[in-house]
Every structure is written in structure tokens, then in C-alpha cells.
Amino acid sequence: MKCPVCHQGEMVSGIKDIPYTFRGRKTVLKGIHGLYCVHCEESIMNKEESDAFMAQVKAFRASVNAETVAPEFIVKVRKKALSYPKRGKRNFWGRCKCVFALRKRQCPTSSFHNQTFTCSG
């Protein structure tokens, strides 16, 4: 079977160790089954092989995330955001309602550049 990516190499069944990087941390995922191109080293995996690969990736990402941010801190921030509905809503949307009003052009165009808008809620 020809490689669907480079169209030059043949796909060969095998087991490889694949390097993986997440947030600056590097690891090698060992024993990954699949079809590998001898020319460009692209891989094709079936459902079971892909699930095994993704399980290793998820485990590594979870370990990196656990090292960098404490789960207790995440819970604390989420509770704080939910205790202030207006502030939490604004933070999750990333913008206040005033920006949406400006985009819909609900303010006079003459005052658009001269006025400082404040968000009331």
C-alpha cells in the first residue's frame, strides 16, 4: 500500500516508539502499533491501535497538568466564578455586553470614537 501522505513510500506494519511533547515536556510513547511509511514515517492506525495511542497521550497530558496546576486551585477558581454570576458570565464570554452593543451599532456613530464606555453588568 502506498503512503497517502507522500505517495512515495510503502506502508509497513510495525511497532514503534513515538516521541511526544506537551507543554515543553517530552516523552516517548512506547510500543505503538500501526502502519508506518518507510519514506516520511507517517502512521495509520486502526481503532484499537488509535485508542491505545490516545490512552498513553491522555495519561501523559494528565500527569503534566497535575504537575503544573493543582486540582484544588482549579476547583477554587470555578467556585469563585460561579459565586459571582455577572462577573463569571463576563469572564467566560471574554467581553462585556457593551462590546456587543457596539458591534450591533446601537450607539450613535458620532459618539463612537469620543466616548469611553463602561460596563454596568
Next on the checklist: Along the Cα→Cβ direction, 7 angstrom out, place labels at Lys58 and Tyr20. What is the inter-label distance in nm?
Outcome noted: 1.1
Checklist outcome for this item: One finds, for Val28 and Ala81 with R0 = 35 angstrom and r their Cβ-Cβ distance, a FRET efficiency to the nearest 0.05 of 0.40
Checklist entry - Out of residues 5 or more away from Leu29 or on other chains, whose amide H comes under 5 Å of its own, with H placed 1.01 Å from N in the peptide plane? => result Ile18, Tyr20
Checklist outcome for this item: Treating only Lys and Arg (+1) and Asp and Glu (-1) as charged, each at its beta carbon, one finds that segment 11-68 has a dipole about its Cα centre, in Debye to the nearest 20, of 280
Item to check | Proxy reagent accessibility, fewest Cβ within 10 Å first, across Tyr36, Tyr20 | outcome: Tyr20, Tyr36
Checklist entry - How much net charge surrounds Val64 when only the other residues with a Cβ under 12 Å from the Cβ of Val64 are counted, with Lys and Arg +1 and Asp and Glu -1? => result +4
Item to check | Contour minus Cα-Cα distance for Lys2 and Ala66 (0.36 nm per residue) | outcome: 18.9 nm
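Values in this text are rule-based calculations from the coordinates and carry no lab data. Only a predicted model underlies this, so the values are computations on that prediction, with no experimental measurement involved. Backbone-built Cβ (ideal geometry, glycine too); neighbour counts: all protein chains shown.
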